[in-house]
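The values are calculated or read from the model by the stated rules, or taken from the named source; none is laboratory data. What you are looking at is a predicted structure, and each value in this text was computed from that prediction instead of being measured. Cβ sites come from the backbone with ideal geometry, for glycine too, and all protein chains shown count toward neighbours. The accessibility values were calculated without ligands, DNA or RNA, using every heavy atom of the protein model including side chains. Shrake-Rupley method; radii C 1.70, N 1.55, O 1.52, S 1.80 Å.
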Amino acid sequence: MLNRRHLRVKALQVLYSYQQSDLKDVKPFENALLQNVDKVYEMYIWLLSLLIEVAEYSVIDVEERANKHLPSEDDLNASDMLKSNLFITALLQNKEYLAAVKKYKISWDFDPEVAKSIFSSLKTSAEYKEFIALTEHTIKSDKDIIKFIFKKLILKSPGIEQVFEEKFINWPVDKEVLQALVAKTFKNFSSEQPSENHLAQICPNWDEDRPFILDLFNKVIAYENEYQELISQKTKNWEADRIAVMDILLMRMAIVELVHFSSVPVKVTMNEYIEIAKEFSTPKSNSFINGILDKILADLKAKGKVRKIGRGLIE
């Protein structure tokens with residue numbers, strides 16, 4: 001699921017685009033921010049649909065092997081049991097999933113070789129042979145082979161990686177979140193009754209996270225001049241054009257949270273942006289940002305501008 005750090009990163013990415021753009025109408029970028037969040041859910045649905053695609057390919061494989069000019073005994077005894085896997089059938093009956101497939105127009109027709117390549121690797125594995133040898137199937141036992149397909153074949157395939165990178169620009173950034181969403185889906189699907197199984201939620205509490213991310217984005221833009229001045233006062237020994245744009249944005253975002261988000265503890269804000277800097281900015285950015293923000297925080301506290309609701313939030 002997307003936590004607050006992931007949402008901060010989404011805001012950072014769109015703020016960077018806004019900063020580099022000549023267009024200064026905020027609304028299109030605000031829409032882009034929400035679309036970036038929705039894209040994570042779309043990627044999640046694409047991954048689930050790929051599991052179904054692989055399962056359905058088992059039927060094609062059986063037909064192709066049986067129709068060989070000289071089929072072997074193994075060819076004639078090939079199994080399409082994966083098509084009736086209980087997790088797969090439950091997913092195909094899930095109303096949330098079906099609605100999402102329709103919404104995002106999910107179809108692997110553009111590259112049918114994807115499912116074929118995954119199934120080709122699967123059918124020679126010991127895990128698959130154990131699955132088709134089962135005499136009794138439960139939702140739990142059937143999930144095991146699907147987990148294997150996802151973790152050991154899909155996630156480790158350079159070809160699949162390339163497909164998703166070409167289709168979704170943020171795949172490398174969001175891959176870890178997507179793994180968590182699929183893992184949550186495996187956990188959620190525990191009932192033989194389709195109506196009792198639910199897809200993973202994109203955010204723990206979107207009703208609160210949506211206004212958080214939009215407010216953060218808009219206030220960073222609205223207070224650009226004021227908070228840029230705070231940064232400039234503490235970076236007089238640095239040439240302005242040598243400070244990374246990403247560092248400036250991270251510090252402005254942190255200042256917005258310190259001043260305007262009364263329920264977010266100071267320590268959380270400071271730690272979050274230092275950690276984000278490690279991943280998305282220069283090697284020395286985290287220590288640079290930490291030092292500058294410490295000085296700015298001290299000034300803001302002295303002026304009484306850091307007001308937090310709740311015990312211990314200001315420390």
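Candidates are the residues of the stretch 102-141 that are more than 13 Å from residue 85 (Cβ to Cβ), surrounded by fewer than 17 Cβ atoms within 10 Å (Cβ to Cβ) and aliphatic (A, V, I, L, M); the one that is modelled with the lowest pLDDT is 133. Open to solvent by less than 80 Å² (accessible area, probe 1.4 Å), out of contact with any His (no Cβ under 7 Å at 6 or more places or on another chain) and either part of a helix (DSSP H, G or I) or modelled with pLDDT of 95 or more (or both), is that true of residue 152? In short, no. Condition check: open to solvent by less than 50 Å² (accessible area, probe 1.4 Å) and either more than 20 Å from the chain's Cα centre (by Cα) or over 24 Å from residue 17 (Cα atoms) (or both). Does residue 262 satisfy that? Criteria met by residue 262.
Exactly one residue among 174, 144 is of a type outside the set (A, V, I, L, M, F, W, C), assigned to a helix (DSSP H, G or I) and closer than 30 Å to residue 14 by Cα, and that residue is 174.
Of everything listed in (1) buried (at least 18 other Cβ atoms within 10 Å of the Cβ); (2) over 19 Å from residue 209 (Cβ atoms), the single unmet condition for residue 287 is (1). Just one of the listed residues (42, 64) is under 23 Å from residue 187 (Cβ atoms) and among the acidic types (Asp, Glu), and it is 42. Taken over the stretch 253-285, the residue count meeting the criterion of being in a helix (DSSP H, G or I) and either farther than 11 Å from residue 220 by Cα or free of Cβ contacts under 8 Å to residues at least 60 places away in the same chain (or both) is 23. Does residue 307 fit the bill of being basic (Lys, Arg) and in a helix (DSSP H, G or I)? For residue 307, the condition - basic (Lys, Arg) and in a helix (DSSP H, G or I) - is not met.
Filtered by the rule that a residue be under 14 Å from residue 245 (Cα atoms) and not aliphatic (A, V, I, L, M), the stretch 5-29 gives 13, 16, 17, 18, 19, 20, 21.
If the condition is being open to solvent by less than 100 Å² (accessible area, probe 1.4 Å) and assigned to a loop (DSSP other than H, G, I, E, B), then the stretch 91-101 contributes only 94. Those helices (runs of 4 or more DSSP H) of the stretch 1-76 in which 2 or more residues are open to solvent by less than 30 Å² (accessible area, probe 1.4 Å) occupy 4-20, 26-66. Taking the stated definitions as given, is residue 236 open to solvent by 80 Å² or more (accessible area, probe 1.4 Å), over 22 Å from the mean Cα position of the chain (by Cα), farther than 19 Å from residue 18 by Cα and touching a residue at least 12 places away in the same chain (Cβ under 8 Å)? So residue 236 does not fit the description; no. Within the stretch 63-93, if we keep just the residues that are under 30 Å from residue 199 (Cα atoms) and of a type in the set (Gly, Ala, Ser), the residue that is modelled with the highest pLDDT turns out to be 90. Residues in the stretch 155-171 that are open to solvent by 70 Å² or more (accessible area, probe 1.4 Å) and in a helix (DSSP H, G or I): 5 in all.
This table checks each residue for (1) surrounded by 20 or more Cβ atoms within 10 Å (Cβ to Cβ); (2) closer than 20 Å to residue 281 by Cβ; (3) in contact with a Pro (Cβ under 6 Å, 6 or more places away or on another chain).
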position: 209; (1), (2), (3): no, no, no
position: 216; (1), (2), (3): yes, yes, no
position: 221; (1), (2), (3): no, yes, no
position: 232; (1), (2), (3): no, yes, no
position: 240; (1), (2), (3): no, yes, no
position: 252; (1), (2), (3): yes, yes, no
position: 258; (1), (2), (3): yes, yes, no
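Selection of the stretch 184-201 for residues being modelled with pLDDT of 95 or more, within 18 Å of residue 100 (Cα to Cα) and not polar (S, T, N, Q) yields 184, 186, 189, 198, 199, 200.
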